[in-house]
Structures are given as structure tokens and as C-alpha cells.
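Some notes on the structure that comes next.
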Amino acid sequence: MLCRGIEDDVRASTMTESFDAVVLGAGPAGEVAVSALAEGGLRCALVERQLIGGECTNWACIPTKTLLRPPEAQHSSARVAGVSKPELEWTRIAEYRDWMTRQHDDTNATADYESRGIAVVKGTGRLAGPGRVEVDARVLETERVILATGSDPIIPPIDGLEEAGYWTNREATAMQEVPTSAVVIGGGPVGIELAQILSRFGAFVTIVESFDRLLARETPQVGELIATALEEEGIGLRVGRRAVAVERQGSERVVRIEDGDEVRGWVVVVAGGRRPRVEAIGLETVGIDASPEGVPIDDHCRAAEGVWAIGDVTGVALFTHVGKYQARIAAADILGQPARADYRAIPRVVFSDPEIAAVGLTEEQAREQGIDAIAASVELPNEIARPWTYEEHPRGSLGLVADREKQVLIGAWAVAPLAGEWIHFAALAVKAEIPVAMLRDTIPQFPSFSEAYLSALRALPD
């Protein structure tokens, strides 16, 4: 009788609700998906364990780009003829960053969703079998679940790191005071952006990267160009050298490197990439066999019967814009509209100064796939007028990769001002497989950075 009474109490304390669709995770991917489904007439629930907007809005994309912009404007002005270098006001900048991240308060965002008929369920959610999502003491029943649980930072197994203490992107983007010095472990996109933020606000920064170049997944020229730019700003680089231990000495952390060298910083910032969040979300209850690389999906973003997965949790490409794209694909599939994912032309941008942008394949990747690849690169100041009108000491490089047989672009990269804006010319060309001959016949605006594409296209070997 006692056991039966306990079971009755549990049932009584469990609230069961039914929805047409449940989205597990309220980052940008989840937000796009739930909005599309609600607009399509479905009664939806949006589950979030922390803040609506997820990592991107609160601790990553939005605060980093907000913090990068003021010193970028300062440095850009110093490169323009006849313009004095303005001062940075950290207090005002931090206030604006906090406004952009909504003071880490999603009350208004929650109210907005609820005003549109979307139920916001705060708590840790997990699958609990087909058509069932548990969120603490609540049970959400539905025929459609979208997994959008995001990713977590990868913390490298470095001796003493946990004991010494470290920052991830969360602490770095929310800092109220700029440290006097920092060691950034990781020379990928996050590491480069955080290093430049800290350095330009006054910290002495060193990047430690175990690969033999920065941005190891991109063409070697990209890593070489940004390394030169960072070193010119005074950022120290330890490239091709692995951090093996961290020790706290007074107010500093000492990072020991495998060759016996050591670097010191008031803080250690871990920026070694991210891993799909697949643990403890009940995947096994619906027959999904995930790996650390993510939840496997088809080209409709389906992961199992009645289950879709979008964003970082899929491991396809850990970018906000990819998650939002997958959200549109999954929502269309649920609403009975034809849609298939195509990942050939995903832009990759590092919002450093100069900006780094790429799309498609590198020459090395293309050859590994058996493609007869041809490539060419040009220095923008040698080819076009826009760099000279933009700054007194112009910079910029553009590279293209093409399929010799098909005569279409399959990749591109740029390290130059505003590269993230004009890489989309190449992204569309890769996506649509526009013939090289037609691209060469395009009329770009004069003077613009996009005009460099004509020079690079003409430089491609036959």
C-alpha cells in the first residue's frame, strides 16, 4: 500500500500536456524551427534549460561580434588617411554588449513566444520514448520532436587545468574587466576572435595551437596571413606546440608547452572547439545511436521516426547559420513541404581584423576527393582600386578553387576587409555551379572588393 501511495503521488505531481510539436533547445536553430511550425498552424512547445537564444545569443556570436566591432573601428580609422585614432570606452562598450545579450534575461523573449501561442517550458528536457519528452516533473506528448540541444566546449585533458581554473567563451564574452594578460589555448576561429578582443582591449595575449598552423582546416595561406596580422598587433603565437600542463602561481597561470617553453597569463582561455551535446537527452529511448560527432540525420534532418535534429547536435557544421538552415529544412518536412539539405556552399567566417571568409573545398580537400582541382590567388592591392580607397596601407588576398573538368568553382577564401560580406558571391557560384565562363562575364561594381573575383578567375589555370 505504501508503494502504491508513492506511485499515486508521483502521478499526481507529474503534469502531462499534448502538443503538435516539441522543440528541445531554444538556440537560434530551435527558435527558427518553432517559429516556422507555429506559423504553419501547429501548437508547439519550446524547451530550454538555460536562456532563450542559447549559446549564440548570450555567450558566443552576438557578444563576440559586438566586442570585436569597437576596436575594429578604432584600428580601421587609424589606417585611413587623415583620420585620428579614437579612444575606446570599455564601460560604454560593456554596457552595449550587455544590452545586446539582454542582460542574460530572457523574460521578454519568453513573453513574446507565449504571446504567439508557443508554450515555453523551462527546465532540462530529455526524450523518454517515442512521442514523449520529460522536462523535470512535466511530460510533453507529441508526434514530432525536434532536437536542437546545441554543443559544449571541448576542454582539453591538460594536467592542472581544472585546478588552475580557466575561462571558456562564456567567461570571456561576459567579462566586466579586461585581464592584463591571457593565454588562449586553441588557434581556430573562436581562439582568434577572443585573442583579438582581449589584445585590442589591452591584454597581453599568447595563442598556443597544437596544429602546425592557425585555422588548420583552411588552406595554408589563410593561416599564414592571419598569423602575420596577429603578430603585427603584438599577439604572441606558439604554433605547432602543444600545451601539456597548467599551474597557478600567485595571480598568474603558467602554461607549460611540450618543448619546455612556458607562457604566463592572468587567465587561461580554452578555445579548442565544441562537441555536439548528445549525452543525457534520451536518444537511446527512441533508437538513435549517436556518437560524439553528433546525431546522424538524413537530408530532411530526420533522425528517427517522429524525431528531427538540427544545429550543432547533428555535427554537420557547428555554425549558427547551418542550424538555422536545418531548422527551415526540418520545419518544411514536418509541414509537408519539399525540402532537402545541401551543404556544399556553407560560408565560414572569422570576424577578425582582417576578416577571414571561406566557402566550399580547399584545394587539398578537393584532390582528396579525386577532383582535378585548379587554384589561383591574387593580392587585392595589386589588382583592384577598392583597397586603396578603403585604407592608406591596403591589405587583402583572395583565392579560388575550381574543378578543371566541370569548369565550376568548388571553393574560395579571402583574408581582407569585409570578406564575410563579399564571400557570398563565391558561395552562390559554388551552390549553383555557375560556369567559370559566366562568372568571368559578370560585371561587378567599381570600385568594390568583389571586383577581385574577375582577377582571380582570369588567373585560374586552363
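Odds and ends about this structure:
- Single residue of E209, E177 found to be within 21 Å of P157 (Cβ to Cβ) and among the charged types (D, E, K, R): E209
- Qualifying residue in region 341-354 (condition: among the charged types (D, E, K, R), assigned to a strand (DSSP E or B), surrounded by fewer than 18 Cβ atoms within 10 Å (Cβ to Cβ) and touching a residue at least 24 places away in the same chain (Cβ under 8 Å)): no
- Being touching an Asp or Glu at 6+ places or on another chain (Cβ under 7 Å), at pLDDT 95 or above and closer than 30 Å to R200 by Cβ is a property that holds for I384.
Quick grid of which residues meet (1) hydroxyl-bearing (S, T, Y); (2) farther than 19 Å from E55 by Cβ; (3) out of contact with any helix residue (DSSP H, G or I) (no Cβ under 8 Å at 6 or more places or on another chain); (4) not in a strand (DSSP E or B):
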position	(1), (2), (3), (4)
R92	no, yes, yes, yes
Y96	yes, yes, no, yes
A109	no, no, no, yes
V133	no, yes, yes, no
L140	no, yes, yes, no
E143	no, yes, yes, yes
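- Annotation: of all residues in region 285-313 being in a helix (DSSP H, G or I) and open to solvent by 10 Å² or more (accessible area, probe 1.4 Å), the one that is nearest to L37 (Cα to Cα) is D312.
- The sole residue among P381, P387 that is touching a Pro at 6+ places or on another chain (Cβ under 7 Å), over 24 Å from G191 (Cβ atoms), part of a helix (DSSP H, G or I) and open to solvent by less than 10 Å² (accessible area, probe 1.4 Å) is P387.
- Residue check for I197: open to solvent by less than 20 Å² (accessible area, probe 1.4 Å), assigned to a helix (DSSP H, G or I) and out of contact with any strand residue (DSSP E or B) (no Cβ under 8 Å at 6 or more places or on another chain): yes
- Among residues of region 233-245, those that are part of a loop (DSSP other than H, G, I, E, B), within 23 Å of E72 (Cα to Cα) and open to solvent by 20 Å² or more (accessible area, probe 1.4 Å), counted: 2
- Check on G131, within 22 Å of F319 (Cβ to Cβ) and open to solvent by less than 40 Å² (accessible area, probe 1.4 Å): no
- Test: R248 is closer than 21 Å to V190 by Cα, open to solvent by 70 Å² or more (accessible area, probe 1.4 Å) and in a strand (DSSP E or B): no
- For beta carbons closer than 6 Å, sequence separation of 6+ or different chains, a first residue in region 77-94 that is more than 14 Å from L67 (Cα to Cα) and a second that is acidic (D, E) and open to solvent by 70 Å² or more (accessible area, probe 1.4 Å), the qualifying pairs are R79/E392; A81/E392.
- Looking only at residues in region 61-89 that are among the charged types (D, E, K, R) and not in a loop (DSSP other than H, G, I, E, B), the one that is surrounded by the fewest Cβ atoms within 10 Å (Cβ to Cβ) is R69.
- Condition met for V254 (at negative phi and either acidic (D, E) or not in a helix (DSSP H, G or I) (or both)): yes
- Identity of the residue in region 257-267, of a type in the set (D, E) and part of a loop (DSSP other than H, G, I, E, B), that ends up least open to solvent (accessible area, probe 1.4 Å): D261
- Count of region 200-232 residues, restricted to those that are over 15 Å from E364 (Cβ atoms), open to solvent by 30 Å² or more (accessible area, probe 1.4 Å) and either in contact with a Phe, Trp or Tyr (Cβ under 7 Å, 6 or more places away or on another chain) or not in a helix (DSSP H, G or I) (or both), is 4.
- Output for region 146-160, where each listed residue is open to solvent by 40 Å² or more (accessible area, probe 1.4 Å) and touching a Lys or Arg at 6+ places or on another chain (Cβ under 7 Å): D152, P153, I154
- Tabulated pairs, region 298-313, first farther than 14 Å from Y325 by Cα and among the acidic types (D, E), second modelled with pLDDT of 95 or more and not in a loop (DSSP other than H, G, I, E, B), C-beta under 8 angstrom, 6+ apart or interchain: E305/V286
- Taking the conditions (1) closer than 30 Å to I288 by Cα; (2) in contact (Cβ under 8 Å) with a residue 40 or more places away in the chain in turn, P71 satisfies each one other than (1).
- Residue within region 14-33 that is part of a helix (DSSP H, G or I) and at positive phi present: no
The values are calculated or read from the model by the stated rules, or taken from the named source; none is laboratory data. This is a predicted model, so every value here is computed, not measured. A quick note on method: Cβ atoms are made from the backbone with ideal geometry, for glycine too, and the neighbour counts reach across all protein chains shown. To get the accessible areas, we keep the full protein, side chains included, count just its heavy atoms, and leave off ligands, DNA and RNA. Shrake-Rupley method; radii C 1.70, N 1.55, O 1.52, S 1.80 Å.
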